[in-house]
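The next block holds one structure in the form of structure tokens; read it before the comments.
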Amino acid sequence: MHIMEGFLPLQWAVFWWVLALPCLAFGVLQLKRILGQDREALPLLGVTGGFIFILSSLKLPSVTGSCSHPTGTGISSVCFGPWVTSVICAIVLLFQSLFLAHGGLSVLGANIISMGVVGPLAGWAIYRALRDTGVNMYFVVIFACAIADLCTYIVTSLELALAYPAEVGGFAGSFVLFMGIFAITQVPLAIVEGVVLALVFKYIVHLRPEILIRLKVFPEEKIRAAAGDA
Amino acid sequence: MWAKYRLEIIAVAAIVCFCGVFLYTSSLNADAEYAGSDTLGSSRAAELAGISEEDFQPLVPQWEPPSGEIESGLFALQAAVGGIIVGWVFGFWRGQKNRST
């Protein structure tokens with residue numbers, strides 16, 4: 001999902017930075033508030049953030065004959081919401097821009113918007129819609145994580161299509177082309193990522209259900225029932 | 001067994017399927033290069049812009065890892081940092097749980 005340095009014209013690079021900065025500022029404020037209220041949230045933040053570090057470094061082969069990486073942002077978005085997730089993503093993406101030549105400083109804003117803002121926001125929306133319904137808790141996490149992953153790549157396609165409309169077909173034409181590269185490759189990865197992160201969520205539920213209850217991640221009775229299974 | 005380890009079984013099945021699909025599709029398509037989608041996206045952008053990929057200049061000067069070895073090392077470092085934090089926290093929680101029961 002990285003747009004490479006130099007591959008966005010200056011006006012688009014600036015545009016995405018302008019969108020990304022308020023999201024990050026809001027995320028930092030929220031992070032301060034959550035950690036100020038509950039120090040026990042810090043280890044949970046470590047686990048969810050740790051998985052963003054791990055999963056976003058794994059390039060996996062896909063059915064299209066190309067490789068791509070999962071994002072790992074869904075579980076953080078479920079536990080802390082999309083804005084805190086943006087901050088962690090910004091750290092990962094900055095590391096990758098500075099040391100790995102994946103992405104770059106001018107396109108960092110665009111990459112934060114795709115991986116750190118819209119992806120997590122989409123996953124969070126799914127989770128919020130299903131949280132208080134009868135749908136199985138782990139299924140909600142699978143679904144939210146897969147959608148967060150997939151939407152990240154859809155937004156990358158959108159960002160590139162806006163900057164490079166096709167001569168024939170314009171924006172829509174090149175959006176389809178970029179979706180073919182980014183989104184289709186991502187489908188199997190998104191499903192596996194969802195299942196793996198749901199498993200991680202299960203272990204958190206079993207070890208530390210109190211934190212999830214205090215953060216109101218799911219209704220208390222659902223978490224208690226799931227924690228009692230073990 | 002099924003009730004308790006349902007999610008584990010689904011996760012293992014999903015990973016095995018993923019590997020199986022990869023082995024099957026890669027055997028069908030011997031010329032697939034398995035390049036990164038980022039790289040493919042960049043070439044497509046270059047095609048649409050009608051200029052060659054080398055002509056794209058970084059807007060902000062950028063350091064590039066001198067070789068693929070160094071790059072993969074740095075990726076491994078990134079994953080290791082995440083892994084250490086995750087392992088540390090799960091160990092910490094387990095210890096807390098054992099002490100309280």
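The values are calculated or read from the model by the stated rules, or taken from the named source; none is laboratory data. Just so it is clear, the structure is predicted and the values come from calculations on it, not from any experiment. Heads up, the Cβs are rebuilt from the backbone with ideal geometry, glycines too, and the neighbour counts pull from every protein chain shown.
Tallying residues that are facing another protein chain (nearest Cβ under 7 Å) and closer than 18 Å to A:Ala122 by Cβ within the range A:196-206 yields 1.
Note on the range A:156-186: among residues that are under 23 Å from A:Leu93 (Cβ atoms) and free of Cβ contacts under 8 Å to residues at least 60 places away in the same chain, the one that is nearest to the other protein chains (Cβ to nearest Cβ) is A:Tyr164. For the range A:99-158, filtering for residues that are under 20 Å from A:Pro9 (Cα atoms) and in contact with a Pro (Cβ under 7 Å, 6 or more places away or on another chain) leaves 2. Checked against (1) in contact with a Pro (Cβ under 8 Å, 6 or more places away or on another chain); (2) at the interface with another protein chain (Cβ under 7 Å from one of its Cβ atoms); (3) surrounded by fewer than 24 Cβ atoms within 10 Å (Cβ to Cβ), A:Leu60 meets all criteria but (2). Regarding A:Phe218, is this residue over 13 Å from the mean Cα position of the chain (by Cα), away from every other protein chain (no Cβ under 11 Å) and aromatic (Phe, Trp, Tyr)? Against the criterion (over 13 Å from the mean Cα position of the chain (by Cα), away from every other protein chain (no Cβ under 11 Å) and aromatic (Phe, Trp, Tyr)), A:Phe218 qualifies. Here A:Ser97 qualifies as in contact (Cβ under 8 Å) with a residue 60 or more places away in the chain, under 22 Å from B:Leu40 (Cα atoms) and in a helix (DSSP H, G or I).
When you check A:Gly119 against the structure, is it under 20 Å from A:Leu45 (Cβ atoms) and not hydrophobic (A, V, I, L, M, F, W, C), yes or no? It is true that A:Gly119 is under 20 Å from A:Leu45 (Cβ atoms) and not hydrophobic (A, V, I, L, M, F, W, C). Within the range A:33-57, which residues are buried (at least 24 other Cβ atoms within 10 Å of the Cβ), among the hydrophobic types (A, V, I, L, M, F, W, C) and closer than 30 Å to B:Tyr24 by Cα? Answer for the range A:33-57, where residues must be buried (at least 24 other Cβ atoms within 10 Å of the Cβ), among the hydrophobic types (A, V, I, L, M, F, W, C) and closer than 30 Å to B:Tyr24 by Cα: A:Phe51, A:Ile52, A:Leu55.
Checked against the criterion of being surrounded by fewer than 21 Cβ atoms within 10 Å (Cβ to Cβ), at pLDDT 95 or above and more than 11 Å from chain B (Cβ to nearest Cβ), the candidates A:Ala129, A:Ala90 yield just one match: A:Ala129.
Taking the criterion of being of a type in the set (A, V, I, L, M, F, W, C) and either within 14 Å of A:Cys79 (Cβ to Cβ) or at pLDDT below 95 (or both), the residues of the range A:19-51 that qualify are A:Leu31, A:Ile34, A:Leu35, A:Ala41, A:Leu42, A:Leu44, A:Leu45, A:Val47, A:Phe51.
Being surrounded by fewer than 20 Cβ atoms within 10 Å (Cβ to Cβ) and aliphatic (A, V, I, L, M) narrows it down to one residue among A:Val176, A:Val141, A:Val200, A:Val205; which is it? Result of the check over A:Val176, A:Val141, A:Val200, A:Val205: A:Val176. Taking the range A:34-58 as the range and being touching a helix residue (DSSP H, G or I) at 6+ places or on another chain (Cβ under 8 Å) and over 21 Å from B:Gly91 (Cα atoms) as the test, the residues that pass are A:Ile34, A:Ser56, A:Ser57, A:Leu58.
Within the range A:1-16, residues that are modelled with pLDDT under 95 and buried (at least 19 other Cβ atoms within 10 Å of the Cβ) reach partners that are charged (D, E, K, R) and outside any loop (DSSP other than H, G, I, E, B) with beta carbons closer than 6 Å, at six or more positions or on different chains, in the pairs A:His2/B:Asp38. Quick check on my filter: what residues within the range A:17-44 are in contact (Cβ under 8 Å) with a residue 40 or more places away in the chain and either within 10 Å of chain B (Cβ to nearest Cβ) or of a type in the set (Gly, Ala, Ser) (or both)? If the condition is that a residue be in contact (Cβ under 8 Å) with a residue 40 or more places away in the chain and either within 10 Å of chain B (Cβ to nearest Cβ) or of a type in the set (Gly, Ala, Ser) (or both), then A:Ala20, A:Gly27, A:Glu40, A:Ala41, A:Pro43, A:Leu44 are the ones that fit. Per the conditions (1) more than 7 Å from every other protein chain (Cβ to nearest Cβ); (2) closer than 17 Å to A:Ser57 by Cα; (3) charged (D, E, K, R), the sole criterion not satisfied by B:Glu64 is (1).
Scanning the range A:68-75 for residues that are within 12 Å of chain B (Cβ to nearest Cβ) and farther than 24 Å from A:Ala129 by Cβ turns up at least one hit. Per the conditions (1) touching a Phe, Trp or Tyr at 6+ places or on another chain (Cβ under 8 Å); (2) modelled with pLDDT of 95 or more; (3) of a type in the set (Ser, Thr, Tyr), the sole criterion not satisfied by A:Ser66 is (2). Within the span defined as the range B:80-100, every residue fails to be more than 7 Å from chain A (Cβ to nearest Cβ), farther than 27 Å from A:Thr152 by Cα and of a type in the set (A, V, I, L, M).
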